[in-house]
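Student: Pasting a structure here, questions to come.
The values are calculated or read from the model by the stated rules, or taken from the named source; none is laboratory data. Just so you know, these numbers come straight off a predicted model, no measurement behind them. All Cβ positions, even for glycine, are placed from backbone atoms using ideal geometry, and neighbour counts span all protein chains on display. In case anyone asks, the SASA skips ligands and DNA or RNA and just uses the protein heavy atoms, side chains included. Shrake-Rupley method; radii C 1.70, N 1.55, O 1.52, S 1.80 Å.
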Amino acid sequence: SKGAYEFYMLKEIDEQPGVMRHLSQNYLDNDGQPKVDSKIIDAISKADRLYIFAAGTSYHAGLVGKIIFEHYTGIPTEVGLASEAGYHFPMMSKHPFFIFLTQSGETADSRVVLKETNKRGIPSLTMTNVAGSTLSREATYTMLLGAGPEIAVASTKAYTAQVALQAVLAKALGERLGNKEAKNWDLRKDLAMAAEGIQQLVDGKEKLKKLADKYLVKSRNAFYIGRGMDYAVALEAALKLKEVSYIQTEGFAAAELKHGTISLIEKGTPVVALINDPVTADLTRGNIQEVVSRGASVIKIVGKDFAEDGDDIVLPEINYYMSALLTVVPAQLLAYYASKDKGLDVDKPRNLAKSVTVE
Ligand code: M6R
């Protein structure tokens with residue numbers, strides 16, 4: 001039940017520290033070693049390429065997963081929209097392994113891809129929140145998110161759980177493959193830091209409400225920009241805001257704006273800039289300058305190591321590869337408050353269903 005909450009979305013945002021702790025307990029032992037079915041690791045360690053398929057927010061979690069898998073396992077990883085792959089199956093490597101990300105386990109677009117996957121005899125894993133769901137039953141293997149029921153149409157805790165569970169799998173797989181980065185990775189510590197960091201962010205939610213009221217509620221459009229991991233999060237942040245607030249929002253690779261979209265920036269256009277990537281932080285600062293000089297109102301959400309005076313939200317410290325777990329939270333809160341303060345039904349945005357069982 002919603003308890004004291006007006007909407008499930010906020011309840012589910014607030015539950016994320018607990019989801020991180022629960023996932024860590026479920027999937028890591030006391031020494032921080034992953035507890036993943038060895039059959040799954042046996043099967044994936046034979047793969048020369050990973051293919052992640054999903055829709056919506058789960059697709060965005062896959063974009064984050066790609067960065068994590070490639071860094072900690074060295075296996076090239078592709079991420080695709082299930083709806084596109086279903087009827088235009090991707091070119092395949094010799095030994096592919098497919099991963100399906102789906103909160104509900106019922107998404108029709110993903111089911112089409114899995115059917116074809118099975119027809120071709122390709123091994124697969126579904127990461128889902130729903131035990132016994134169709135995609136779980138039809139894939140070769142399943143890993144459960146264990147995030148607890150997600151009721152709000154806008155997915156929040158399932159996203160962070162998907163990111164964290166992919167990290168668990170990447171660690172287990174990377175260790176099996178002898179990847180040094182994976183061996184030295186203290187994932188238990190990172191998940192604990194994620195839980196604490198998310199807690200700090202949700203405790204500071206009033207600040208996000210103020211930013212949403214000041215910059216978003218009255219705006220017709222908004223942009224999210226970032227590079228690297230932040231680009232992946234920008235796409236999710238934009239989806240979150242548009243789906244619940246009806247503000248037209250796009251997520252962009254920060255440098256791409258100047259290749260066209262910057263023409264949309266007017267006085268007061270909200271641009272939310274995300275900065276966690278050590279390699280490109282300065283370049284993104286440059287992109288912020290470009291939009292500021294065209295009148296944009298910029299909200300800056302910045303990792304602790306890159307913070308400067310005037311940044312709006314400074315994120316608690318975290319490993320760059322896990323930074324999506326923190327960066328997404330202020331974006332979820334901005335979306336929530338933009339919707340609520342516009343007087344909308346946050347949990348049930350118009351035209352949408354919780355699980356999309358048509359193609
Ligand atoms: O249940 P799934 O994760 O397969 O659902 C995929 C999308 O339909 C879902 O993430 C959708 O985009 C959400 N409404 C986003 O908040």
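Student: Tell me the residue from ILE301, ILE288, ILE318 that is more than 14 Å from the ligand (Cβ to nearest atom) and touching a Ser or Thr at 6+ places or on another chain (Cβ under 8 Å), please.
Tutor: Exactly one residue qualifies, and that residue is ILE301.
Student: Name the residues in the range 321-354 that are within 12 Å of the ligand (Cβ to nearest atom), open to solvent by less than 40 Å² (accessible area, probe 1.4 Å) and assigned to a loop (DSSP other than H, G, I, E, B), would you?
Tutor: Across the range 321-354, the qualifying residues are VAL346, ASP347, PRO349.
Student: Something else: Given (1) buried (at least 23 other Cβ atoms within 10 Å of the Cβ); (2) at positive phi, where does GLY148 come up short, assuming only one miss?
Tutor: (1)
Student: So which residues in the range 78-100 are small (Gly, Ala, Ser), farther than 22 Å from VAL168 by Cα and either surrounded by 17 or more Cβ atoms within 10 Å (Cβ to Cβ) or within 14 Å of the ligand (Cβ to nearest atom) (or both), if there are any at all? Lay out the reasoning, then the answer.
Tutor: Step one: filter the range 78-100 for residues small (Gly, Ala, Ser), giving 80, 82-83, 85-86, 93.
Checking the rest, the ones that are also farther than 22 Å from VAL168 by Cα come to 82-83, 85-86, 93.
Passing the criteria: ALA82, SER83, ALA85, GLY86.
Student: When both residues are 6+ apart or on different chains and their Cβ atoms are under 7 Å apart, which pairs have a first residue that lies in the range 157-186 and is outside any helix (DSSP H, G or I), and a second that is open to solvent by less than 40 Å² (accessible area, probe 1.4 Å)?
Tutor: What qualifies is LEU177/SER45; LEU177/THR73; ASN179/TYR72; ASN179/THR73; TRP185/TYR72; TRP185/LYS171; ASP186/GLY32.
Conditions (1) open to solvent by less than 10 Å² (accessible area, probe 1.4 Å); (2) of a type in the set (D, E, K, R); (3) under 21 Å from the mean Cα position of the chain (by Cα), marked per residue:
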{"position": "LYS157", "(1), (2), (3)": "yes, yes, yes"}
{"position": "LEU165", "(1), (2), (3)": "yes, no, yes"}
{"position": "LEU169", "(1), (2), (3)": "yes, no, yes"}
{"position": "GLU175", "(1), (2), (3)": "no, yes, no"}
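Student: List the residue pairs whose Cβ atoms are under 6 Å apart, where the first residue sits in the range 41-56 and is on the phi < 0 side of the Ramachandran plot, the second is open to solvent by 10 Å² or more (accessible area, probe 1.4 Å) and within 16 Å of the ligand (Cβ to nearest atom), and the two are 6 or more positions apart or on different chains.
Tutor: Going by the 6 Å Cβ cut-off, the qualifying pairs are ILE52/VAL79; PHE53/GLY80; ALA55/THR107; ALA55/ASP109.
Student: Give the residues of the range 58-89 that are more than 19 Å from ALA253 (Cβ to Cβ) and in contact (Cβ under 8 Å) with a residue 40 or more places away in the chain, sorted by residue number.
Tutor: If the condition is that a residue be more than 19 Å from ALA253 (Cβ to Cβ) and in contact (Cβ under 8 Å) with a residue 40 or more places away in the chain, then SER58, PHE69, TYR72, THR73, GLY74, ILE75, SER83, GLY86 are the ones that fit.
Student: Related question: Please go through (1) modelled with pLDDT under 95; (2) near the ligand (Cβ under 9 Å from one of its atoms) for GLN103 and return the number of the only condition it doesn't satisfy.
Tutor: (1)
Student: Going residue by residue through the range 292-301, is there one that turns out to be open to solvent by 10 Å² or more (accessible area, probe 1.4 Å) and within 16 Å of the chain's Cα centre (by Cα)?
Tutor: No: zero hits.
Student: Could you tell me which of the residues GLU308, GLU317 is over 20 Å from the mean Cα position of the chain (by Cα) and within 19 Å of GLY226 (Cα to Cα)?
Tutor: Numbers: GLU317 fails: over 20 Å from the mean Cα position of the chain (by Cα).
From the options GLU308, GLU317, the qualifying one is GLU308.
Student: Hey, can you tell me all the residues within the range 107-128 that are within 11 Å of the ligand (Cβ to nearest atom), open to solvent by less than 50 Å² (accessible area, probe 1.4 Å) and over 19 Å from LEU63 (Cβ atoms)?
Tutor: ALA108
Student: Which pairs turn up if I take residues in the range 346-359 that are farther than 21 Å from ALA335 by Cα and of a type outside the set (S, T, N, Q) and look for partners that are open to solvent by 90 Å² or more (accessible area, probe 1.4 Å) and within 11 Å of the ligand (Cβ to nearest atom) with beta carbon separation below 8 Å, at least 6 apart in sequence or on another chain?
Tutor: Every condition considered, no pair remains.
Student: Note down all Cβ pairs under 8 Å where the first residue falls in the range 26-39 and is in contact (Cβ under 8 Å) with a residue 60 or more places away in the chain, the second is assigned to a loop (DSSP other than H, G, I, E, B) and of a type in the set (A, V, I, L, M, F, W, C), and they're at least six residues apart or on different chains.
Tutor: Sorted first by the residue in the range 26-39, then by its partner, the pairs are TYR27/VAL36.
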